[in-house]
Amino acid sequence: MNVLGIESSCDETGVALVSAGAQPDGSAARLPVLRAHALHSQVQMHEAYGGVVPELASRDHIRRVLPLARQVLAEAGATLAEVDVVAFTRGPGLAGALLVGAGVACALAAALGKPTLGVHHLEGHLLSPFLSADAPEFPFVALLVSGGHTQLMRVEGVGRYELLGETIDDAAGEAFDKSAKLLGLGYPGGPALSRLALSGNPAAYALPRPLLHSGNLDFSFAGLKTAVLTQHRRLQAGGEPLGETLRADLAASTQAAIVEVLVKKSLAALKHTGLKRLVVSGGVGANSALREQLNAAAPRRGLRVHYPELSLCTDNGAMIALAAAMRLQAGCAQASCDYAFDVKPRWPLDQAG
Ligand code: KG4
Ligand code: ZN
């Protein structure tokens, strides 16, 4: 089974081809295999506005998606006729952007006489480590940390997700992005802030660790952004722009606060569930301080931590094709030839069914 996946929920157009089931040599693959994937990031286009402009995002997805699909098929050495299912991101995300991917997927599938399957974007992130060399095994705890979500999930199998805790306000990625903006680092700020943090002192400023001792598995990052703003103003008392060392120290202290909360809550979730495996996915999962601290904490507690390949941490088509393939393999979804699609801009993962 060859699944073509299309991701268009936000500011990245991603297309990928994944093969599942029997391989050309007749052997049955345990896990789907990524044949090729291609990505176009709109970051440069949105940078001038300091964030994603939904209308521009939709229009750019329209321009990119078919050329990317052609590129993927060429790189995989496959033809359209070999595509068995066309998968797309059904939600959550920007409504107009989602409609582009869904519309193109359904039109393409209708023209080919093949079925479609709408996929939950976060399920894509959650399952993405199954494409890595060190794939996890069920069950596990998933820490989903993206620009829009921060959640801890108990994952028993494909489609079996129980929410353990989530952010009550900003997502971890938003905390990175908003703090980075304050430091003049542009959009999206996560990678830039973590680069600047490399030369800073993480203990320079005592920023709050929101809900660290709340006794539950929820997160809150909105207060941190305000604390960073207050600290920034204090340092800027003379009205002068901050020097490189102060900016690096503030970046490192901000990252340390976010990472400490993510690490401690993830460890608490593992303790609470008694599970021994943690899967970290979503854009913030690319953060090297987060990876270092989890990797250091895990062996001491007999835990394993799994990540997607770095290139598949942020949004991409591979995770959408993979999630569709795994759902179909597990028998918990049916691809459909009813091309009357819809999208779900708001869609809790534990209701993905
Ligand atoms: O998963 P993703 O690509 O998109 C959403 O589904 O939201 O995540 C994007 C988020 C942004 O907030 C970005 O700043 C953050 O992931 N991010 C990082 C890093 N790389 C991406 N945050 C911290 N450190 C990074 N290295
Ligand atoms: Zn995402």
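Read-outs throughout are calculated quantities, based only on the coordinates presented, and are distinct from any laboratory measurement. Given the structure is predicted, the values throughout are model-derived calculations rather than measurements. Here the Cβ positions follow ideal geometry from the backbone for every residue, glycine too, while neighbour counts run over all protein chains shown.
At q = 0.14 Å⁻¹ the log10 of I(q)/I(0) for the chain amounts to -1.11, computed by Debye summation with a single uniform scatterer per C-alpha, solvent ignored. Semi-axes of the equivalent ellipsoid of segment 138-307 are 30, 15, 14 Å, computed as sqrt(5λ) over the eigenvalues of the C-alpha gyration tensor in descending order. Ignoring lysines fewer than eight residues from K276 along the same chain, the ones with Cα atoms less than 25 angstrom from its Cα are K264, K265. Sorting 54-63, 212-221, 260-269, 292-301 by average packing, meaning the other beta carbons within 10 Å per residue, from highest down gives 260-269, 54-63, 212-221, 292-301. The charge dipole of the chain, taken about its Cα centre with unit charges on the Cβ of Lys, Arg, Asp and Glu (plus for the first two, minus for the last two), comes to roughly 680 debye. The C-alpha radius of gyration of segment 306-353, expressed as a fraction of 2.2 N^0.38 Å, stands at 1.36.
Across all directions, the shadow cast by the convex hull of segment 50-128 built on its C-alpha atoms averages 6.0 square nanometres. Each peptide in 116-122, 238-244 gets a packing score, the mean of other Cβ atoms within 10 Å over its residues, and the list from highest to lowest is 116-122, 238-244.
For segment 207-353, the alpha carbon convex hull comes to 180 Å³ per residue, rounded to a whole number. Above 16 Å, the calculated P(r) of segment 196-243 contains 54 percent of its Cα-Cα pairs.
Once the C-beta distance of D338 and L235 is scaled by a Förster radius of 45 Å, the resulting FRET efficiency is 0.15 to the nearest 0.05.
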